[in-house]
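Worksheet: the structure to be examined is printed underneath.
The values are calculated or read from the model by the stated rules, or taken from the named source; none is laboratory data. Just so we're clear, the structure is a prediction, and the values are computed from it rather than from any experiment. Ideal geometry is used to build each Cβ from the backbone, glycine not excepted, and the neighbour counts take in all protein chains shown. Ligands, DNA and RNA are stripped out before the accessible areas are found, and what is left, the full protein with its side chains, is counted by its heavy atoms. Shrake-Rupley method; radii C 1.70, N 1.55, O 1.52, S 1.80 Å.
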Amino acid sequence: MAKQFDHLTDPIRRFIAAQHIVFVATAAETGRVNLSPKGMDSLRIMGPNRILWRNLTGSGNETAGHLKRVNRMTLMWCGFEKQPMILRAYGTARTVQEGDADWSELNGLFPEETGARQVFDMAVDMAQTSCGYAVPFFDYAGERDVLHDWADRKGRDGVRAYWAEKNATTIDGFPTGTAAPADTAPLASE
């Protein structure tokens, strides 16, 4: 039986901390629904109703484009290793990008990454748990270095050029606001 909460309780926060992957879902009013898996050290619980997650440069940029049109987001975790549970956090989110006033502060909460693209600041209005009894067991084998290495080879200027070429619009043609000019302020750690 599903249980709903108006905030992230302590048991929910402990469950999130034990997970290695989060799924992010967004949708505009038309077009495709996006569902993306996210890993690495990319999530911070900032309070009972606030989650930050940092998005690294990738092949698409659906979340940013969707949030510009319809401000809603769902995060989902599954207990693959031990505790059987599915957890969803529902809410709204704002996109913080390089050049925004609080970029350095929020990006600075995460390890240095050449490919850092956005931080999504989510206001959670509901959390829901369900049994997860049908979720299979999977063993965590570790993080992949591929994305990190790819961004480091490109360098920050190369990553910005990639944004302009590949991340400026969603697959449905919605602008993402991510195509950064070459003179954008550097990362806090640059």
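Quick one: in the stretch 163-176, which of the residues that are under 19 Å from S36 (Cα atoms) and among the small types (G, A, S) is surrounded by the fewest Cβ atoms within 10 Å (Cβ to Cβ)?
If we take residues in the stretch 163-176 being under 19 Å from S36 (Cα atoms) and among the small types (G, A, S), then G173 is surrounded by the fewest Cβ atoms within 10 Å (Cβ to Cβ).
Take the residues in the stretch 165-190 that are of a type in the set (G, A, S) and modelled with pLDDT of 95 or more; name whichever of them is farthest from V70 (Cα to Cα).
Restricting to residues being of a type in the set (G, A, S) and modelled with pLDDT of 95 or more, the top hit is A168.
Please enumerate the residues belonging to the stretch 1-49 that are aromatic (F, W, Y) and buried (at least 17 other Cβ atoms within 10 Å of the Cβ).
F15 - this is the single residue of the stretch 1-49 that is aromatic (F, W, Y) and buried (at least 17 other Cβ atoms within 10 Å of the Cβ).
When you scan the stretch 108-148, how many residues do you find that are within 15 Å of the chain's Cα centre (by Cα) and among the polar types (S, T, N, Q)?
Total meeting the criteria: 1.
Having 3 or more residues that are over 30 Å from K3 (Cβ atoms) and open to solvent by 20 Å² or more (accessible area, probe 1.4 Å) is the bar; report the helices (runs of 4 or more DSSP H) wholly within the stretch 53-162 that clear it.
146-162
Given the condition without any contact (Cβ under 8 Å) to a residue 24 or more places away in the chain, of a type outside the set (D, E) and in contact with a strand residue (DSSP E or B) (Cβ under 7 Å, 6 or more places away or on another chain), answer yes or no: does some residue in the stretch 71-93 qualify?
Checked against the condition, which is being without any contact (Cβ under 8 Å) to a residue 24 or more places away in the chain, of a type outside the set (D, E) and in contact with a strand residue (DSSP E or B) (Cβ under 7 Å, 6 or more places away or on another chain), the stretch 71-93 yields at least one hit.
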